[in-house]
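The values are calculated or read from the model by the stated rules, or taken from the named source; none is laboratory data. Predicted model only: the values in this text are computed from it and were never measured. Glycine also receives a Cβ, built like all others from the backbone with ideal geometry; neighbour counts cover every protein chain displayed.
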Amino acid sequence: MTHALLSAIPLAIVASTPLLLAVLGELVVERAGMINLGIEGMMLTAAMTAVITEELTHSIALGFLGGIIGAAIAGALFGLFAIRYAVDQIVTGTAIVLLAQGMTGYVYRELDLFNQPIPRMTFDPIVPLAWIVFPIALALLLWRTRFGLRLRACGELPAAVTANGASVTMHRWIALAIESALTGIAGAYLSLALSSGFAENMVSGRGFIALSIVIFGRWKFKGALLGTAVFGIAAAAQYALQASGRGVPFHLLLAVPYVVTLLILCGIAGRVRAPESLGKT
């Protein structure tokens with residue numbers, strides 16, 4: 001069992017990469033004072049547009065670009081209502097998820113582009129980018145620059161940003177653009193690298209898990225990496241249990257990472273401090 005668990009960890013790291021990208025994007029947005037439940041819909045849209053772009057261009061790189069564009073469209077829709085018109089962010093995010101599920105399901109059934117297998121990536125730079133480069137770059141941006149200070153102030157005391165002559169709206173749009181890029185890569189990686197194409201609801205709740213990991217990590221990048229690693233270890237345990245052939249029902253094994261995440265959240269509930277203006281218009 002121990003050997004199977006250790007051998008499953010590299011696979012779990014790769015499988016957790018889209019989740020980590022979503023966590024990093026959501027952390028930036030929440031630091032700016034927004035709760036984007038629509039991240040699940042953004043990833044799902046990106047997974048679909050990445051496959052469509054790859055099928056039309058026969059280019060994996062352009063497929064990732066298509067994924068980013070798809071996530072950006074969904075993110076712009078969220079920003080239009082949540083930032084421009086100050087609609088409740090929870091309601092807006094939920095609507096984005098429902099819209100994405102319905103739209104991608106319809107396109108999946110109507111188009112024939114998804115019937116052909118996607119060629120696998122021969123070189124995978126996404127894993128080191130997600131686990132090393134992006135966290136370091138974002139941490140330096142948010143904690144070592146004037147822009148990052150103002151962005152974090154948007155989530156704590158927006159009035160101070162306004163009093164300093166800066167725009168809260170601009171900083172929140174930039175945060176949403178960063179999240180859209182990371183989420184677009186996540187969705188594209190899910191459909192172009194981890195899967196052989198697009199399938200309905202293939203994100204499987206990763207966006208909602210990303211929201212919980214941001215809370216677990218106390219809105220810090222170190223915590224985000226740790227939380228995603230915990231989820232990855234739980235996923236590795238799931239793979240190890242499957243390989244051990246102990247007769248545990250398959251559907252129960254699929255629930256292991258989510259149950260572990262839920263138990264961790266129950267243990268830290270009430271002991272974390274969110275950004276002061278998080279979710280407030």
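So is Ile209 at pLDDT 85 or above, under 20 Å from Ile9 (Cβ atoms) and not in a loop (DSSP other than H, G, I, E, B) or not?
yes
Has segment 76-98 got any residue that is more than 17 Å from Ala181 (Cβ to Cβ), surrounded by 14 or more Cβ atoms within 10 Å (Cβ to Cβ) and among the hydroxyl-bearing types (Ser, Thr, Tyr)?
yes
So which of Val203, Val168 ends up being closer than 15 Å to Met48 by Cβ and either at pLDDT 95 or above or in contact with a Leu (Cβ under 7 Å, 6 or more places away or on another chain) (or both)?
Val203
Which of the residues belonging to segment 14-50 are under 11 Å from the mean Cα position of the chain (by Cα) and not in a helix (DSSP H, G or I)?
Selection gives Ser16, Asn36, Leu37, Gly38.
Would you mind finding the one in Ser204, Ser191, Ser167, Ser196 that is small (Gly, Ala, Ser) and crowded, with 17+ Cβ neighbours inside 10 Å?
Ser191
What is the residue count in segment 58-109 for residues that are at pLDDT below 95, in contact with a helix residue (DSSP H, G or I) (Cβ under 9 Å, 6 or more places away or on another chain), of a type in the set (Ser, Thr, Tyr) and not in a loop (DSSP other than H, G, I, E, B)?
Qualifying residue count for the region: 2.
Name the single residue, out of those in segment 219-253 being assigned to a helix (DSSP H, G or I), modelled with pLDDT under 85 and not hydrophobic (A, V, I, L, M, F, W, C), that is farthest from Gly25 (Cα to Cα).
Within segment 219-253, the match that is farthest from Gly25 (Cα to Cα) is Ser244.
What residue, of Ser204, Ser191, Ser196, is assigned to a helix (DSSP H, G or I) and small (Gly, Ala, Ser)?
None of the others qualify; the one that does is Ser191.
Only one of (1) in contact with a Phe, Trp or Tyr (Cβ under 8 Å, 6 or more places away or on another chain); (2) modelled with pLDDT under 95 is not met by Val14, so which one is it?
(1)
Tell me yes or no: at least one residue of segment 137-156 is of a type in the set (D, E, K, R) and part of a loop (DSSP other than H, G, I, E, B).
no
Just to check your reading of the model, which residue among Ile178, Ile118, Ile185 is in a loop (DSSP other than H, G, I, E, B), of a type outside the set (Gly, Ala, Ser) and buried (at least 18 other Cβ atoms within 10 Å of the Cβ)?
Answer to the check: Ile118.
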